[in-house]
Amino acid sequence: MSSSSTSTTIYVGNIQSIKDEQLREYFQRFGKVEALYHNCTRAADEWLIDYRFIRFSSDTDMNIFFKTKIDHMICRIVLDIHPYEAAFRDETRLLLDRKICIAHTDSKLNRNAIKKSFTRYGRILNCIC
């Protein structure tokens with residue numbers, strides 16, 4: 001992804017059961033939404049994803065998300081919003097519980113090994129293999 005497109009892309013987390021159409025409708029008020037996407041490649045795992053990347057047109061002022069101190073909410077769900085690049089940095093604190101998708105692993109890898117590996121990052125509520 002080019003730097004110009006990442007500069008107009010935001011990470012939106014904690015979307016829970018919010019549909020893409022609802023996200024698009026909400027975020028259209030801030031600028032033209034060009035795309036909503038995630039990076040999970042297996043359709044069977046999509047239910048695990050509770051975030052989207054939202055890319056706006058190049059003329060959208062992205063400061064509206066990061067300089068105003070309002071809670072962005074849809075259906076009483078507070079959204080967790082960060083710049084695109086920040087979502088990949090260790091120092092960015094994603095504020096709410098997170099689900100992650102680990103794909104293309106060795107079939108011998110079991111649930112206990114995965115939980116043990118990820119426990120250092122926080123409490124593991126569930127692990128589905």
Worksheet item: Any chance the stretch 43-54 includes a residue that's among the β-branched types (Val, Ile, Thr) and at pLDDT 90 or above?
Response: yes
Worksheet item: Within the stretch 13-25, restricting attention to residues that are at pLDDT below 95 and surrounded by 16 or more Cβ atoms within 10 Å (Cβ to Cβ), which residue is farthest from residue 102 (Cα to Cα)?
Response: 18
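What residue, among those in the stretch 54-86 that are of a type in the set (A, V, I, L, M) and over 17 Å from residue 33 (Cβ atoms), is surrounded by the fewest Cβ atoms within 10 Å (Cβ to Cβ)? Lay out the reasoning, then the answer.
Of the residues in the stretch 54-86, the ones of a type in the set (A, V, I, L, M) are 54, 62, 64, 70, 73-74, 77-79, 81, 86.
Checking which are over 17 Å from residue 33 (Cβ atoms) leaves us with 70, 73, 77-78, 86.
Details: 70: 7, 73: 10, 77: 16, 78: 12, 86: 15.
Among those residues, the one meeting the criterion is 70.
This table checks each residue for (1) at pLDDT below 85; (2) among the polar types (S, T, N, Q); (3) out of contact with any Asp or Glu (no Cβ under 7 Å at 6 or more places or on another chain).
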{"residue": "29", "(1), (2), (3)": "no, no, yes"}
{"residue": "36", "(1), (2), (3)": "no, no, no"}
{"residue": "40", "(1), (2), (3)": "yes, no, no"}
{"residue": "58", "(1), (2), (3)": "no, yes, yes"}
{"residue": "79", "(1), (2), (3)": "no, no, yes"}
{"residue": "82", "(1), (2), (3)": "no, no, yes"}
{"residue": "95", "(1), (2), (3)": "yes, no, no"}
{"residue": "119", "(1), (2), (3)": "yes, yes, yes"}
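The values are calculated or read from the model by the stated rules, or taken from the named source; none is laboratory data. This is a predicted model, so every value here is computed, not measured. Because the Cβ atoms are built from the backbone with ideal geometry, glycine has one as well, and the counts that use them run over all protein chains shown.
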